[in-house]
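Beneath this line is the structure, given in structure tokens, with notes to follow.
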């Protein structure tokens, strides 16, 4: 997560009642949703399309592991490269 960004909290549906319950799920989403064609990751949060799709189904441990990797992933994927570099 980049400095100054806030994590969002979502409500998850329960399996028993199929209603929404207060079950905060931490997310790095900043509502800038666009998958970069070159890297395949979201330019807003740094997650892959698969990670975004499976976010609610992922356990808390899995979500935290992904969030821990995001700063380095974003820096690597979107580091400014010299003009003409490939």
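Quick note: the coordinates plus some simple rules give every number you see, no bench work behind them. Please read all numbers here as calculations on a predicted model, not as lab measurements. Reconstructed Cβ throughout: ideal geometry from the backbone, glycine too, with neighbour counts over all protein chains shown.
Contour minus end-to-end for residue 43 and residue 60, with contour as 0.36 nm per residue of separation and end-to-end as the Cα-Cα distance?
3.9 nm
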Approximate spin-label separation residue 72-residue 50, in nm, with each point projected 7 Å along Cα-to-Cβ: 1.9
